[in-house]
Amino acid sequence: MIEKTNVVWHQTTITKQDREKQSGQKGVVIWFTGLSGSGKSTLANRLEAALFAGGHRTYLLDGDNIRSGLNRDLGFSDIDRRENIRRISEVAKLFVDSNTIVLTAFISPFREDRIAARQKVEAGEFIEVYVKCDLSICESRDPKGLYKKARSGVIPSFTGIDSPYEAPNAPELIVNTENQDPEASTEQIIRFLKEKKIIH
Ligand SMILES: Nc1ncnc2c1ncn2[C@@H]1O[C@H](COP(=O)(O)OS(=O)(=O)O)[C@@H](OP(=O)(O)O)[C@H]1O
Ligand SMILES: Nc1ncnc2c1ncn2[C@@H]1O[C@H](COP(=O)(O)OP(=O)(O)O)[C@@H](O)[C@H]1O
């Protein structure tokens, strides 16, 4: 780590509260977590479209996209996954500060890293959505053909096969996608956000 004793946080003139007043919107993170193929991207995209159509300012951070830019130097070792999530949680924090509803769709397999992401924003600003789906069902979906490759040894350290996934202990919401279609799952999340008065 680089020495940072001479780095001092600079308080900006325009604050988060100023931005909130002007935009009438509060930023939050909607943090999807789950196995590959559980439905994170599908739900994050559908939810973003619904929120956008409802006039909300949104931004979606999606695994493959971030890994081809900001995090292109990172692979899938435990250490790299942790750094991946650390950087993403810092980016999510900036989006919250800008009053955006930021949706993140990463496996984010380690509980400790998701807790650290939660702690970067204020209480109530982090909504963890556990996209629950049994490994066997994710594997039968295999939307990108990755499980097949992982089983045949072409992709090492694949989550759920030879790399761990730690399910959340107390997520704000569990969406079980095993026997529900994407539309119903998206509606479940929207209902939750309305109940909690995160959106109107
Ligand atoms: N070894 C291994 N394990 C898991 N996933 C792999 C792996 N190699 C490539 N991929 C593809 O990368 C996507 C997961 O990236 P993430 O940034 O979400 O992973 S992590 O949070 O850092 O664990 C994941 O996307 P999703 O299927 O959307 O989850 C895969 O497409
Ligand atoms: N309730 C559901 N929610 C989300 N995806 C679902 C659901 N039911 C079935 N699916 C299917 O499961 C697959 C999930 O793929 P994807 O969204 O890429 O998952 P992930 O981003 O978690 O890897 C898609 O083919 C999607 O159509």
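The values are calculated or read from the model by the stated rules, or taken from the named source; none is laboratory data. Just so it is clear, the model here is predicted, and its values are computed rather than measured. Because the Cβ atoms are built from the backbone with ideal geometry, glycine has one as well, and the counts that use them run over all protein chains shown.
Descriptive notes on the structure:
- Positions within the range 162-200 being of a type in the set (Val, Ile, Thr) and out of contact with any His (no Cβ under 8 Å at 6 or more places or on another chain), in sequence order: Ile174, Val175, Thr177, Thr186, Ile189, Ile190, Ile198
- Selection from the range 74-99 of residues that are part of a helix (DSSP H, G or I) and of a type in the set (A, V, I, L, M): Ile79, Ile85, Ile88, Val91, Ala92, Leu94, Val96
- Residue in the range 5-12 that is free of Cβ contacts under 8 Å to residues at least 24 places away in the same chain, within 21 Å of Ser98 (Cα to Cα) and among the hydroxyl-bearing types (Ser, Thr, Tyr) present: yes
- Pair list, Cβ < 6 Å and 6+ apart or interchain, from the range 95-124 residues that are among the charged types (D, E, K, R) to residues that are part of a loop (DSSP other than H, G, I, E, B): Arg111/Glu166; Arg114/Ser108
- Residues in the range 63-97 that are of a type in the set (S, T, N, Q), exposed (fewer than 15 other Cβ atoms within 10 Å of the Cβ) and over 18 Å from Ala44 (Cα atoms): Ser68, Ser77.
- Taken over the range 38-72, the residue count meeting the criterion of being more than 8 Å from ligand 2 (Cβ to nearest atom), under 18 Å from Lys93 (Cα atoms) and of a type in the set (A, V, I, L, M, F, W, C) is 4.
- Selection count, the range 19-62, where residues are within 12 Å of the chain's Cα centre (by Cα), of a type in the set (D, E, K, R) and surrounded by 18 or more Cβ atoms within 10 Å (Cβ to Cβ): 1
- Residue match in the range 133-140 (condition: surrounded by 14 or more Cβ atoms within 10 Å (Cβ to Cβ), within 17 Å of the chain's Cα centre (by Cα) and not aliphatic (A, V, I, L, M)): yes
- Filter pass, Trp9 being among the aromatic types (Phe, Trp, Tyr), outside any helix (DSSP H, G or I) and surrounded by 19 or more Cβ atoms within 10 Å (Cβ to Cβ): no
- The residues in the range 108-132 that are more than 13 Å from the chain's Cα centre (by Cα) and among the polar types (S, T, N, Q) can be counted, and the count is 1.
- Out of Ile161, Ile155, sole residue that is closer than 29 Å to Ile127 by Cβ, in contact with a helix residue (DSSP H, G or I) (Cβ under 9 Å, 6 or more places away or on another chain), modelled with pLDDT of 95 or more and near ligand 1 (Cβ under 10 Å from one of its atoms): Ile161
- Among the residues of the range 164-177, those that are away from ligand 1 (no atom under 12 Å from the Cβ) and either touching an Asp or Glu at 6+ places or on another chain (Cβ under 6 Å) or hydroxyl-bearing (Ser, Thr, Tyr) (or both) comprise Pro168, Pro171, Glu172, Thr177.
- Qualifying position, being within 11 Å of ligand 2 (Cβ to nearest atom) and closer than 30 Å to Thr12 by Cα, among Ala123, Ala105: Ala105
- Odd one out for Arg57 among (1) near ligand 1 (Cβ under 10 Å from one of its atoms); (2) in contact with a Gly (Cβ under 9 Å, 6 or more places away or on another chain); (3) without any contact (Cβ under 8 Å) to a residue 60 or more places away in the chain: (1)
- Qualifying residue in the range 78-100 (condition: in contact with a Pro (Cβ under 8 Å, 6 or more places away or on another chain) and within 19 Å of Ala170 (Cβ to Cβ)): no
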